[in-house]
Amino acid sequence: MAVDLVPVGPEPRDVLRALRRTLDGAGPALALGAAPVARPAGGAPRSAPAGTAAVVTTSGSTGVPKSVVISRSALIASATATAERIGEGRWLLALSPTYVAGLQVLVRGLLAGHEPAVLSGSFSPAAFAAVTASMRSSIGGRAVPAYTSLVPAQLSALLDAAQTDAAVAASLRAYEAILVGGQALPAAQRERAHAAGARIVRTYGSTETSGGCVYDGRPLSGVSVRVSAGEVQLGGVTLAEGYLGEDERTAEVFLTEEGTRWYRTGDAGEVRDGVLQVTGRIDNVIVSGGVNVSLDRVESVVRELPGLHAAVVSPVVDERWGEASVVVVEAAALSDAGLDSDAALVALRGAVAERLGRPARPARVVEVEALPMLASGKPDRSAVRRMLAI
């Protein structure tokens, strides 16, 4: 039996209103993000499998559209496991509610019985501090813990502003936990956050897992992690049902072995002492001069350097080596670090050669006015590649 699929958003209050009905079991499934990839023929109303809470459609960082079917039970299981791990209280929405990370902020707040606070309009440190200050509340004389979820770019902006703005600095310390996902968090940024008194929890997951399901390398309750042939695979109660109207794609990405269902993340990694370490995308590898080079590992090293914490490493064709990599960075970030592209290139090539070997060294640094970003807060890597191809 199918349920109606109703487009909602991107206004947070609209999503919140519709989500209340959906979580109560009285409302239709929510169509969030872009229009669902699978469109019924003949103009018939869109629908989703019974039990669906939301269909989240996104192009992702690779530019390939997908419409992920998430059940009500998976959303609730994820929010419940998060509360079990870090506690519950009032949540601030600082992300788009049409992506799974923002949607889960609203779900966690509603299930905890506290109206989520909403940061409206464009993100800014000043607005974040103002909304954070307004969230203070207590029940029975005890303060209600505050939580939020950010992407690394937002955290970086807050840390920069906190150096000169006491209100922003106080807002970072106000949260019991700040979840940070969307992409790898550079070690230097984690250290800055710790020094600022921010309690950061690194999350790993995707739309297909109802959002982050591995916190600081350890899976939430009800979540399983394994590494098969070098690929990180996730299982458990938070898994999505699959892709709307795409049975072949669903069967390719979601595997069932001995009664257990697994999601193939496409990420490379390993588990050490029960802690998951993700090393990058399996398919984000170039062959430069006959040597395989993981661009994710290169990017991780590059982002530890001053002025390059948000840089993107992208592949390009190279006449001599076949393939090479280019570091794309916002000019203002380099300027603030007192660097130009030539000085940055010398520094990063040295760092990459020391850590990963000479074949992994990027060929050049490209400065841009602004990096293209997806609404999820991740770099739009497809757009970056198109920029470099011009």
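We did not get these values from a lab; they are worked out from the coordinates using the rules stated. Note that this is a predicted model, so its numbers are computed, not measured. FYI the Cβ positions are ideal-geometry reconstructions off the backbone, even for glycines, and counts take in every protein chain you see.
In the stretch 232-349, the ratio of gyration radius to Kirkwood radius, Rg to Rh, stands at 1.10 when only Cα atoms are counted.
State the antiparallel share, in %, of DSSP beta bridges confined to the chain, rounding to the nearest 5. Before the final figure, lay out the partial values.
Numbers: 51 of 75 bridges.
So the antiparallel bridges amount to about 70 percent of the total.
Could you work out the relative contact order of the stretch 273-383? I mean the mean sequence separation of Cα pairs under 8 Å and 6+ apart, divided by the number of residues, in percent. Could the numbers behind the result be given before it?
Numbers: 175 pairs, mean separation 26.2, N = 111.
This gives 24 percent for the stretch 273-383.
Placing dummy labels 7 Å off each Cα toward the beta-carbon, the span from residue 115 to residue 229 is 5.2 nm.
Checking every one of the trypsin sites (Lys or Arg not before Pro) in the stretch 241-331 against DSSP loop status and a limit of 12 other Cβ atoms within 10 Å picks out 320. For residue 27, the residues whose amide H sits under 5 Å from its own are 22, ignoring neighbours fewer than 5 places away on the same chain, with H placed 1.01 Å from N. For the stretch 113-229, a crude dipole built from +1 on the beta carbon of Lys and Arg and -1 on the beta carbon of Asp and Glu, taken about the Cα centre, is about 280 debye to the nearest 20.
The GluC sites (Glu not before Pro) of the stretch 214-301 that meet both conditions, a loop assignment by DSSP and at most 11 other Cβ atoms within 10 Å of the site Cβ, are 258.
Full-extension gain between residue 335 and residue 144, please, as 0.36 nm times their residue separation minus the C-alpha to C-alpha distance.
Numbers: separation 191, 0.36 × 191 = 68.76 nm, distance 4.12 nm.
Stretched fully, the residue 335-residue 144 segment lengthens by 64.6 nm.
Determine the percent antiparallel among the DSSP beta bridges restricted to the stretch 2-207, to the nearest 5. It would help to have the intermediate numbers written out before the result.
Working: 11 of 30 bridges.
Just about 35 percent of them are antiparallel.
Relative contact order of the chain, please, whole-number percent, based on alpha carbon pairs below 8 angstrom and at least 6 residues apart. Spell out each step's value before the answer.
On the way: 778 pairs, mean separation 45.7, N = 390.
So the answer I get is 12 percent.
Can you find, among 166, 123, 25, the residue farthest towards the positive end of the dipole of the stretch 2-207? Put +1 on the C-beta of Lys and Arg, -1 on that of Asp and Glu. Result: 25.
Which whole-number percent gives the relative contact order of the stretch 2-207, counting Cα pairs below 8 Å spaced six or more residues apart? Spell out each step's value before the answer.
Values: 358 pairs, mean separation 30.4, N = 206.
Averaging sequence separation for qualifying contacts and normalising by length gives 15 percent for the stretch 2-207.
Footprinting exposure proxy ranking of 80, 260, fewest other C-beta atoms within 10 angstrom first, gives 260, 80.
Quick one: Debye curve from the C-alpha atoms of the chain, no solvent, what's log10 I(q)/I(0) at q = 0.09 Å⁻¹? So the normalised log intensities are -0.55.
Separation of the stretch 77-127 and the stretch 295-365, taken as the distance between their Cα centroids, equals 34 angstrom.
Cβ-Cβ distance of residue 261 and residue 21, R₀ of 25 Å, FRET efficiency by 1/(1 + (r/R0)^6): the value works out to about 0.30.
Per DSSP H run of at least 4 residues, take -39500 (n - 2.57); add these up for the chain, divide by its residues and hand me the 222 nm value, nearest 500 deg cm²/dmol.
Details: 12 runs with 124 residues, N = 390.
Helix contribution divided over all residues of the chain: -9500 deg cm²/dmol.
Its Cα centre serving as origin, the chain has a Cβ charge dipole (Lys and Arg +1, Asp and Glu -1) of approximately 640 debye. Listing 139, 76, 286 from fewest to most neighbouring C-beta atoms within 10 Å gives 139, 76, 286.
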